[in-house]
Amino acid sequence: MRGKRLMTAALGLVLVALLAVPFVAGCGSSSFTIKEGKLLMGSDTAYPPFENMENNKAVGFDVDIAEAIAKKLDLELEVISTAWDGIIPGLKSNKYDIIMSAMTITEDRKKQINFSDPYIDSDQSIAVVTGSPIKDEAGLKDKVVGVQLDTTGQFKAEEIQKAGGLKEIQKFDTILLAFQALEQGKVDAIINDYPVSQYICMTRGNKTTVVANIKTDEQYGIGVNKDNTDLLDKVNDALQEVKDDGTYNEVYMKWFGVEPAE
């Protein structure tokens with residue numbers, strides 16, 4: 001090693017040390033490291049029904065799908081709760097192996113990280129307090145709109161604002177804080193991913209309602225570090241297996257109450 005002759009005892013110590021390091025699959029820049037047989041997943045766990053904390057445990061659609069993927073890889077899933085605005089930097093600094101956090105695949109994000117094959121479709125939506133006169137995008141004119149920071153909901157709101165349609169955009173660290181502000185009358189509406197807003201409205205006593213779907217044809221993907229192409233391939237293979245063996249449909253039904261659209 002390192003061009004030096006080592007004594008037998010030293011070699012023994014080196015071998016012990018090698019056995020203690022994390023398992024590495026592949027070679028070169030395409031390799032991926034699995035620490036102690038675990039698949040580490042970064043997730044903003046305040047975005048139900050995809051990921052949320054219940055009794056100090058991460059639960060949700062993304063969590064169940066990630067657990068199924070980890071099982072296919074003979075690994076144990078460990079969810080690392082991470083604030084949304086730091087989730088990509090955390091992946092790039094190897095804080096975790098993957099991001100699974102209802103993350104829309106965008107061209108800007110693809111410049112920073114790789115994405116798996118898409119695993120769910122989504123659009124944007126408008127949510128308001130139940131009984132609000134706002135019924136569609138036109139109704140947002142001169143209104144205060146809440147969004148989660150650095151999400152496609154924010155980007156859509158900014159697009160509408162550029163066209164002169166909004167009074168103000170208020171940005172929140174989590175979508176649950178945005179809905180709290182909506183219920184308290186601090187914002188007039190929320191622009192956010194359709195399935196998430198629909199779920200939140202149903203589970204918070206129907207105090208709020210999704211009144212419009214904004215077609216964007218967004219798709220969520222699993223984020224993987226740019227230099228981890230081997231892991232990306234394995235995640236894609238495992239995701240396809242999860243779809244093929246019926247697990248995906250079961251998880252979808254559990255969280256959304258319907259079969260996924262063909």
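Each reported figure results from applying straightforward, stated rules to the coordinates on display, with no laboratory input. As the structure is a prediction and not an experimental result, all values here were calculated from the model. Because the Cβ atoms are built from the backbone with ideal geometry, glycine has one as well, and the counts that use them run over all protein chains shown.
Values as computed for the structure displayed
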| read-out | value |
| --- | --- |
| Exceeding the 22 Å Cα-Cα cut-off - candidates Lys111/Lys171; Lys95/Lys226; Lys57/Lys92 | Lys111/Lys171; Lys57/Lys92 |
| Highest to lowest packing among 44-57, 102-115, 247-260, scored as the average C-beta count within 10 Å | 44-57, 102-115, 247-260 |
| For the stretch 123-219: rounded, prolate or oblate by the Cα gyration tensor [a/c cutoff 1.5] | rounded |
| Angle in degrees between helix 152-162 and the longest Cα principal axis of the chain, rounded to the nearest 10 | 40 degrees |
| Antiparallel content of DSSP bridges confined to the chain, in %, to 5 | 65 percent |
| Antiparallel bridge percentage (DSSP; both residues within the stretch 123-219; nearest 5) | 55 percent |
| Options (i) 41, 19, 16; (ii) 33, 25, 16; (iii) 26, 22, 18 - which one matches semi-axes √(5λ) of the Cα gyration tensor in Å as calculated here | (i) |
